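Only the coordinates and a few stated rules stand behind these numbers; no lab work does. Quick caveat: nothing in here was measured; it's all calculated off a predicted structure. Please note: Cβ atoms are built from the backbone with ideal geometry, for glycine as well, and neighbour counts cover all protein chains shown.
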Amino acid sequence: MEYPRIAPMMNPLMSPLVAMTASWGGRDNAMLASGIVGASIVPESPRVLVLVGKEHLTHRLIAGSGCFALCFLRRDQIALARTLGFVSGRAQEKLAGVAVERRTTGAPVLSDCFGFLDCRVVNAMDTGDQTALLADVVDGDVLLPGEPLTWPGMRTFMPKEWMTEFRAMFDGELAYSRRAMGAVRRQGWPL
Ligand SMILES: Cc1cc2nc3c(=O)[nH]c(=O)nc-3n(C[C@H](O)[C@H](O)[C@H](O)COP(=O)(O)O)c2cc1C
C-alpha cells in the first residue's frame, strides 16, 4: 500500500499543537506534541491519551515523575512551537526565559498559552518507537484565549526556511522510528 492513498484519512488525525511539559530531578523540559486524544466520556474523570517518543528528553522526565502538563498554544506562538518541536532539550535549555508556574502535579505550566491540562499517568503501552500514555486530568484551566495553533496552520504561515529545519529533525526521528517500530513489547489482549 502506498502512503499517499491513505494520507487524506491519516493526516487529519492530529490534535492542536501543545507544549507537553514535565519536570523530574530538578530538570524542566517541554516538547511540541500533536498526538493527543480525549480518552474518557465521564466528566468527573477526564482522561487523555498521548504519544511520546522514547528518545525524547520529555519521555525520560515523564517516566521519572509520572506526570506531565499539556499547554495548548495559540496561533501567535509559532516561534515557541519551533523551539519546542524542532530541537531536543538534550541540546538546548528550551524553557530558559519562558515564564512557568506549578499547579497540581508540579509539571511546568506555561503562563502564556491558551490553556492547560495537568495530568497524572495511570497506564502505558509500548508502541515500539513511542509510549502511549493514559493519564488522568487532575487540573486545568483556560489562561489566555485565542485561536488554537495546528500543524497544518503553522505550515502555511511559518517562514519557508523553517521547513528545512523541520525536515532535518523529522528525518532523524524517522530513521529511529523505522528501526524501533517492530520491537513492540506486547502486554496481552484481552487483558
Ligand atoms: C508538528 C509537530 C508535532 C509533534 N508531535 C509529537 C508527538 O505527538 N509526540 C512526540 O513524541 N513528538 C512529537 N513531535 C516531536 C517533538 O516535539 C520533538 O522531537 C522534540 O524535539 C522532542 O523534544 P525533547 O527531546 O526535548 O523532549 C512533534 C514535532 C512537531 C514539529
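Key figures for this structure:
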{"read-out": "Extent along principal axes [Cα atoms of the chain; Å; largest to smallest]", "value": "47, 45, 33"}
{"read-out": "Efficiency of FRET from Cβ geometry, Glu44 and Arg179, R₀ 45 Å, rounded to 0.05", "value": "0.60"}
{"read-out": "No Cys partner within the rule (Cβ under 4.7 Å), the chain", "value": "Cys67, Cys119"}
{"read-out": "Integer Hz, Karplus 6.51/-1.76/1.60 couplings in order for the stretch 121-133, x for Gly and Pro", "value": "5, 10, 7, 9, 9, 6, 10, x, 8, 10, 10, 8, 10"}
{"read-out": "Least to most buried among Asp139, Asp171, Asp28 (fewest other Cβ within 10 Å first)", "value": "Asp171, Asp139, Asp28"}
{"read-out": "Computed over the chain: relative contact order in percent, which uses C-alpha pairs under 8 Å that are six or more apart", "value": "23 percent"}
{"read-out": "Span-rule helices in the chain, defined as complete DSSP H runs reaching 15 Å or more along the axis (Cα) with Kyte mean at least 1.6", "value": "none"}
{"read-out": "The chain: calculated mean residue ellipticity at 222 nm from DSSP helix runs of at least 4, using -39500 (n - 2.57)", "value": "-8500 deg cm²/dmol"}
{"read-out": "Paramagnetic label zone (point 7 Å from Cα along Cα-to-C-beta, Met163; backbone N under 18 Å) in the stretch 79-115", "value": "79, 82, 86"}
{"read-out": "Cβ-Cβ FRET estimate between Val87 and Glu2, R0 fixed at 22 Å, reported to 0.05", "value": "0.10"}
{"read-out": "Exposed-loop-free span, longest in the chain, where GluC sites (Glu not before Pro) count as exposed if DSSP calls them loop and at most 12 other C-beta atoms lie within 10 Å", "value": "94-191"}
